[in-house]
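**Q** Pasting a structure below so you can have a look.
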Amino acid sequence: MTFSCSQSNVKIFKITDKTLEIAKNYILNDQLVAFPTETVYGLGANAFSDEAIRAVYTAKGRPLDNPLIVHVHKDYDLSTLIYDDNAYAKKLREAFLPGPLTIVYRSKNAVSDLVSCGLNTLAIRVPSSESAQRFLKYLNLPIAAPSANISKHTSAVTAEHVYEDFGDTIPMILDGGRCEGGIESTVLDATGEVPVILRKGLITAEMVSKVVGNCVYAGNASELNKRSPGTKYRHYCPKTTTFLFEKGDYEAVKKLYDVSVNQGKKPLVMCTKKDEPYLEGLNLFSLGENGCQMASRLYYGLHEGERYDLLIGIKFDVNDEVTLSVENRFLKAFASSESSN
Ligand code: AMP
Ligand code: MG
């Protein structure tokens, strides 16, 4: 099936009733459609179809033991998909959904087995962005959607980022502009007596505790590995040479910057607002001054860094849980850095 479009890039479509109908046709034919959410772009596939789910893993180059999150619209009947074992999950849905919180439940195995990679659980998210809701409502299907990036690469926060990764390998990208949330949803396991956060995000343990009395972050790496296999993989890495420096190490940053400029290279420094006065005259991408701003800007900045020969990161203070979630992605993105001081 091919469709033409008046925009210069034929894969990227504004969301209209007409393009949603086209998207539905693709999804019902086991093809992939990228769509915007409030966090990052998702690569959507029919969760009931083995073939569609296989196509997701292939397109992303995603390891086959990294389970997918299923996305549904806000009125979708969850009882067709999962067992709602713990009363606190309802309270969390009422407090935070639609929004950037994915909840893991015991699965009824209604969707393809490949979605959860053999786990007996299913992760479900109800995104708040109007575009995502419109897409999901139009389809009225559970849509498995990992972040719309090639595995290990920085998550996409614009339709163009999606296109840069997938080009012609997917038929359609729905364009909802730049994602504001910026980092992926919090993943919370609601299968036990106490809610456990498996992946940090904009909804924090403190926020969850205020609603249901308690919440913990999953313990050590091996526990996380077992409960949420995707967390063990490398993630978020920009396609450029990266360097990472300790907080406030401005002399070292400037030295590397000058050396690279003298070699004819173009560097970019990723910093926070607090660092800006110490780095005047350098090419800067500032993440801003608080956790939400930093979350919103991180992936965009990592993509910007790809237009430069090297991206220099500076570690930052972590005084709140949202900044901790940003730091989690930031350190993974820079984990392959050439030099780490
Ligand atoms: P991504 O698709 O890149 O947003 O990553 C999805 C994340 O959700 C990974 O960290 C997975 O390990 C996690 N996840 C998905 N399904 C489950 C599940 N059933 N149980 C635990 N974690 C899950
Ligand atoms: Mg991802």
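The values are calculated or read from the model by the stated rules, or taken from the named source; none is laboratory data. Because the structure is a prediction, the values reported are computed rather than measured. Glycine also receives a Cβ, built like all others from the backbone with ideal geometry; neighbour counts cover every protein chain displayed. What goes into the accessible areas is simple: the full protein's heavy atoms, side chains included, and nothing from ligands, DNA or RNA. Shrake-Rupley method; radii C 1.70, N 1.55, O 1.52, S 1.80 Å.
**Q** Above 19 Å lies some portion of the pair distances; for the range 232-341, what is it as a whole percent of all C-alpha pairs?
**A** Everything past 19 Å amounts to 38 percent.
**Q** Just order 124-133, 37-46, 153-162 by mean Cβ neighbour count inside 10 Å, highest at the front, would you?
**A** In descending order of packing, they fall as 37-46, 153-162, 124-133.
**Q** Another question, then. Please provide three numbers in whole Å: the alpha-carbon extents of the range 87-207 along the principal axes, with the largest listed first.
**A** Projected onto its principal axes, the Cα set of the range 87-207 covers 45, 31, 30 Å.
**Q** While we're on this one: Among Ser286, Phe330, Ser49, pick out the residue whose Cα is farthest towards the positive end of the charge dipole of the chain, where Lys and Arg carry +1 and Asp and Glu carry -1 on C-beta, about the Cα centre.
**A** Highest projection toward the positive end goes to Ser49.
**Q** Right, next: Determine Rg/Rh for the range 9-55; Rg is computed over alpha-carbon atoms and Rh is the Kirkwood hydrodynamic estimate from the same atoms.
**A** Computed over Cα atoms, the ratio is 0.97.
**Q** Per-residue counts of other Cβ atoms within 10 Å, averaged by peptide: what ranking do you get for 49-57, 305-313, highest first?
**A** 305-313, 49-57
**Q** Please give the helix 291-305 orientation as an angle from the longest Cα principal axis of the chain, in degrees from 0 to 90, rounded to the nearest 10.
**A** Compared with the principal axis, the helix lies near 70 degrees.
**Q** While we're here: Using each residue's phi in the range 180-195, evaluate 6.51 cos²θ - 1.76 cosθ + 1.60 at θ = phi - 60° and report the 3J(HN,Hα) Karplus result to the nearest Hz, with x for Gly and Pro.
**A** 7, x, x, 10, 5, 4, 5, 9, 10, 7, 10, 8, x, 5, 10, x
**Q** Per residue, what accessible area does the chain have, given a 1.4 Å probe and all protein chains present, in Å²?
**A** 43 Å²
**Q** I've got another one for you. Evaluate the charge dipole of the chain about its Cα centre and quote only its size in Debye, nearest 20, assuming +1 on the Cβ of each Lys and Arg and -1 on the Cβ of each Asp and Glu.
**A** 300 debye
**Q** Using the Kirkwood radius built from alpha carbon pairs, what does the Stokes-Einstein equation give as D for the chain at 25 °C and 0.890 mPa s, in µm² per second?
**A** Approximately 119 µm²/s, per Stokes-Einstein.
**Q** Quick check: convex hull of the Cα atoms in the range 42-85, volume per residue, rounded to a whole Å³?
**A** Expressed per residue, the convex hull around the Cα atoms of the range 42-85 is 96 Å³.
**Q** Here's another thing I want to ask about it. If one puts a single equal scatterer on every Cα of the range 1-153 and applies the Debye formula without solvent, what log₁₀ I(q)/I(0) results at q = 0.12 Å⁻¹?
**A** -0.48
**Q** Now a separate question. Any of Lys152/Lys332; Lys200/Lys239; Lys247/Lys274; Lys247/Lys273; Lys91/Lys210 with alpha carbons more than 18 Å apart? Name them for me.
**A** Result: Lys200/Lys239 exceed 18 Å.
**Q** If you take the square roots of the eigenvalues of the alpha-carbon gyration tensor of the range 260-312 and sort them as a ≥ b ≥ c, do you get rounded (a/c under 1.5), prolate (a/b over b/c) or oblate?
**A** oblate
**Q** Same structure again: Check the straight Cα-Cα distances from Lys14 and name the lysines below 25 Å, setting aside those fewer than 8 residues away within the same chain.
**A** In chain and number order, the partners are Lys24, Lys60, Lys74, Lys137.
**Q** Of Leu310, Val187, Ala123, which is farthest along the charge dipole of the chain in the positive direction, counting Lys and Arg as +1 and Asp and Glu as -1 at C-beta?
**A** Most positive-ward Cα: Ala123.
**Q** Right, something else. State the percentage of accessible surface on the chain attributable to carbon and sulfur atoms; use a 1.4 Å probe and exclude ligands, DNA and RNA.
**A** 48 percent
**Q** How big is the gap, in Å, between the Cα center of the range 9-83 and the Cα center of the range 99-113?
**A** About 14 Å separates the Cα centre of the range 9-83 from the one of the range 99-113.
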